[in-house]
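This report refers to the structure that appears directly beneath it.
The values are calculated or read from the model by the stated rules, or taken from the named source; none is laboratory data. Just so you know, these numbers come straight off a predicted model, no measurement behind them. Positions of Cβ are backbone-derived with ideal geometry, glycine not excepted, and every protein chain shown enters the neighbour counts.
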Amino acid sequence: MEHTISITPQAERKVTDTKSVPFGKIPTEHMFVAEYRNGEWQNARVSPFHDLTLSPLSLCLHYGQTVFEGMKAFTMADGRISIFRIEKHYERFTKSLFRLCMPHVPNKLFINAIKQLVKLDSDWVPREDDGSLYIRPFMIATEARVGIKESDEYLFMVVCSPAFQYYTKPLKVRVETDYVRAADGGTGNAKCGGNYGGALYPTHLAKEAGYDQVLWTNCIHHEFIEESGTMNAMFVIDGTLITPELSGTILDGVTRNSLLTLAREKRIKTEERRISYHELIKAFESGNKVEAFGAGTAAVVAPIEIIAIGHKEYKCYTEPDALMYQLQKELHDIRKGLLPDTHNWNEIVE
Ligand SMILES: *Cc1c(COP(=O)(O)O)cnc(C)c1O
């Protein structure tokens, strides 16, 4: 079924300067909403950004039936606007929804909703080199009923916010060996709200101890590296790009996938496999350069300068010639239209 999307623009348009504002604080002028009721999506619309009215009984407020995505739009060198790998984000959204028993969103509805919204708010897509428009599609369970069940009603929404450089300096992280982000059979590979609520406390403790983030480990012996905060963890050891394999506890990051693809094309050796903190200690103690970074849409590449393992801190390689910066630059140049987009990653917003 085709879904028509009605469009109601804001009466008066005004772009706010958001460069000095923390990430995600200022929405653009419009948003997308569709309602799921009686087994179908209805009333799809792009309208001025507004607050929601929800029953306090809404299921999402109690039982965490929520899923989200995060992607970016860029102003390319020639002035056109592109959205990075929207289809790949759609695929992941679909999988997350399935895991949370939430209704499927048809491909056309998802793509058109985002394109229409970005088109209407195109003045909000930064032109600066380090700027982009962060796009946040999400779904919440809205049936009013305080009793755990699969909701019969949902809202699918998209909001946007201009984004600039996410972290201004390299991160200090601590290998987390008490708490876990995800366990086998859990929801670690779904982008669902609950994963993040549960991560706040261990992150809070790490911050109190002087670190920016935790490096999560697996749930059994807390030995194998999983993710870096809310990013995929990547390492360069002896010139090989190593990242934990996609077990069910790791999110299948689009940035991770893109960087692996670019590295392989440059004939850089890549390995998707388990990597333990013992292996990291060995690499550090061998005196070789070890690069470590987080990979994710918001920060793209977030260099890590310190990894604390137990009571010891290890220093990673963060000099300008590090491989992570080369990969980051290449990805940036593809998104900005400065290098050929040989993978058709850029979805042009007409
Ligand atoms: C979103 C996210 C990532 C990064 O995925 P991208 O598609 O690259 O943005 C990695 N880990 C977690 C836990 C995430 O939520």
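Looking across segment 243-271, the residues that are touching a residue at least 60 places away in the same chain (Cβ under 8 Å), assigned to a loop (DSSP other than H, G, I, E, B), within 11 Å of the ligand (Cβ to nearest atom) and of a type outside the set (A, V, I, L, M, F, W, C) come down to 249, 252. Filter segment 110-137 down to residues that are crowded, with 17+ Cβ neighbours inside 10 Å and touching a Ser or Thr at 6+ places or on another chain (Cβ under 7 Å) and give me whichever is farthest from residue 300 (Cα to Cα). Only one residue fits best here, namely 121. Being without any contact (Cβ under 8 Å) to a residue 12 or more places away in the chain and under 25 Å from residue 318 (Cβ atoms) holds for only one residue in 230, 168, and it is 168. For segment 120-135, the set of residues classified as part of a loop (DSSP other than H, G, I, E, B) and under 12 Å from residue 28 (Cα atoms) consists of 121, 125, 126, listed by residue number. Of the residues making up segment 290-299, at least one is under 29 Å from residue 340 (Cα atoms), within 11 Å of the ligand (Cβ to nearest atom), aliphatic (A, V, I, L, M) and touching a helix residue (DSSP H, G or I) at 6+ places or on another chain (Cβ under 6 Å).
For (1) in contact with a Phe, Trp or Tyr (Cβ under 8 Å, 6 or more places away or on another chain); (2) among the hydroxyl-bearing types (Ser, Thr, Tyr); (3) closer than 26 Å to residue 149 by Cα, each residue gets a yes or a no:
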{"position": "24", "(1), (2), (3)": "yes, no, no"}
{"position": "28", "(1), (2), (3)": "yes, yes, no"}
{"position": "41", "(1), (2), (3)": "yes, no, yes"}
{"position": "45", "(1), (2), (3)": "yes, no, no"}
{"position": "52", "(1), (2), (3)": "no, no, yes"}
{"position": "60", "(1), (2), (3)": "no, no, yes"}
{"position": "64", "(1), (2), (3)": "no, no, yes"}
{"position": "67", "(1), (2), (3)": "yes, no, yes"}
{"position": "70", "(1), (2), (3)": "yes, no, no"}
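At least 2 residues being away from the ligand (no atom under 15 Å from the Cβ) and over 20 Å from the mean Cα position of the chain (by Cα) is the threshold, and among the strands (runs of 3 or more DSSP E) wholly inside segment 184-242 those reaching it are 231-237.
Only one entry of 38, 43 meets the criterion of being in contact with a strand residue (DSSP E or B) (Cβ under 7 Å, 6 or more places away or on another chain) and either of a type in the set (A, V, I, L, M, F, W, C) or surrounded by fewer than 18 Cβ atoms within 10 Å (Cβ to Cβ) (or both), and that entry is 43. Among the residues examined, residue 95 qualifies as under 20 Å from the mean Cα position of the chain (by Cα), at pLDDT 95 or above and farther than 29 Å from residue 21 by Cβ. Among the residues of segment 257-306, those that are over 17 Å from residue 238 (Cβ atoms) and either assigned by TED's automatic domain parsing to the domain that holds residue 88 or β-branched (Val, Ile, Thr) (or both) comprise 261, 297, 300, 301, 304, 306.
A search for C-beta distances below 6 Å between a residue of segment 52-80 that is of a type in the set (Ser, Thr, Tyr) and any residue that is away from the ligand (no atom under 16 Å from the Cβ) and assigned to a loop (DSSP other than H, G, I, E, B), counting only pairs 6+ apart in sequence or on different chains, returns 58/142; 63/148; 75/125; 75/127.
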